[in-house]
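Report on the structure given below.
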Amino acid sequence: MCATVSVLIALLSACAWSLFDVKRKQLVQQVAPLPLTFWLSLSVIPFYLVLSGVALALSPDASLPASGYWWPALGSLLVSTMAAVSFVQALKVGQMAGLMPVLALTPVISALLSVWWLADELSARQWGAMSAIVVLLFWLQGGARFRWQAGTGFMLLVALGWGTGTVFDKCALAYAEPLQHALLQSSGMMLLVALVIFVRGERQQLSFHRLPLFALMTAALVFIVAVSAQLFALQSLHAGIIETIKRSIGIVGGLFWGAYLFGETVSRQQQRLVALLVAAIAWLMWPV
């Protein structure tokens, strides 16, 4: 696959992820965060089952994950579930345009945790990029007139969950195939959220009759496009390039969707700071 086609596929994946964000913001106005997370997790499991079946047919000697897989996989499951629920809760109470840039902290958290846990080394360029991201986010939140927007706390939990989840995933994938890991994570998230809902005595929230089925299935299809395109792009593009494209489109998309779909105010200064933030993400993630 030539580089141009790979970049176009990565762009398709990033746009699909951004559209998936929109669908989740729309859905969470009708379905509470916990049951929404449950149904979205359930809706993509058949997709992963089909892909895993195809992979097994092509490689009959495939086996279950090795014993070293389960602890990092459990860590990934817990933080990913926290992030998934926090994300839709943040979109429910806050504005996309103001909240999506907070996710620029995800690669920063991932990089810092990798230094501490995996003994990775960061270059001066990466330290500079991370510092720039933190400063730009501070100014996006008002700078000297810093103000805590609705949903910011939840979105910080998302960045923490996704950032730490990346490191857990890196450890887990040393013992399992990517599709195997994705299937187990989605299944585990569905079961974990269901357990929380049952413990809280809110089983009625899982009523199938309350669901906006068309919107839910549309979101699931968009998610499938996002994941499929990302898997294809990963075959020939560096993961850092894909993460840069994905995160940048997501942040810029947050401004666009927030302004044009949800009537949120986006100032010129906010647009300029987001442009600099995207450049800082590329500076951090782009392979040397």
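The values are calculated or read from the model by the stated rules, or taken from the named source; none is laboratory data. Because the structure is a prediction, the values reported are computed rather than measured. We place every Cβ from the backbone using ideal geometry, glycine too, and count neighbours over all the protein chains shown. Side chains included, ligands, DNA and RNA excluded: accessible areas come from the protein's heavy atoms. Shrake-Rupley method; radii C 1.70, N 1.55, O 1.52, S 1.80 Å.
For this structure, a couple of remarks:
- Net charge, W257 excluded, C-beta distance under 12 Å - Lys, Arg +1, Asp, Glu -1: +1
- In the chain, the alpha-carbon atoms span a convex hull of 145 Å³ per residue.
- The Cα atoms of segment 89-170 give a gyration tensor whose axes a ≥ b ≥ c have a/c of 1.5 or more with a/b no greater than b/c, which makes the shape oblate.
- In order through segment 153-168: 3J(HN,Hα) via Karplus (6.51 cos²θ - 1.76 cosθ + 1.60), integer Hz, x for Gly, Pro: x, 5, 6, 5, 5, 4, 4, 5, x, 5, x, 6, x, 4, 6, 4
- The GNM of the chain, with springs linking C-alpha atoms under 10 angstrom apart, assigns the highest mean-square fluctuation among L277, L122, L140 to L122.
- Note on F256 and A119: their simple-model spin labels are 4.4 nm apart, each label 7 Å out from Cα toward Cβ.
- Residue with peak Gaussian network fluctuation, the chain [Cα springs, cutoff 10 Å], from L261, L173, L273: L261
- If R0 equals 22 Å, the separation of the Cβ atoms of L231 and A174 corresponds to a calculated FRET efficiency of about 0.75.
- For the chain, the fraction of 1.4 Å probe accessible surface lying on carbon and sulfur atoms is 69 percent.
- Taking a ≥ b ≥ c as the square roots of the eigenvalues of the Cα gyration tensor, segment 1-123 is classed as rounded, since a/c falls below 1.5.
- Anisotropy class of segment 192-269 from Cα gyration tensor, a/c 1.5 cut: oblate
- Those aspartates and glutamates that a straight Cα-Cα span of less than 16 Å connects to K246, excepting residues fewer than 8 apart in one chain: D21
- Comparing A220, A119, A14 in a Gaussian network model of the chain (Cα springs below 10 Å), the most mobile by mean-square fluctuation is A119.
- Extension gain, L49 to W139: 0.36 nm times the residue separation minus the Cα-Cα distance gives 28.0 nm.
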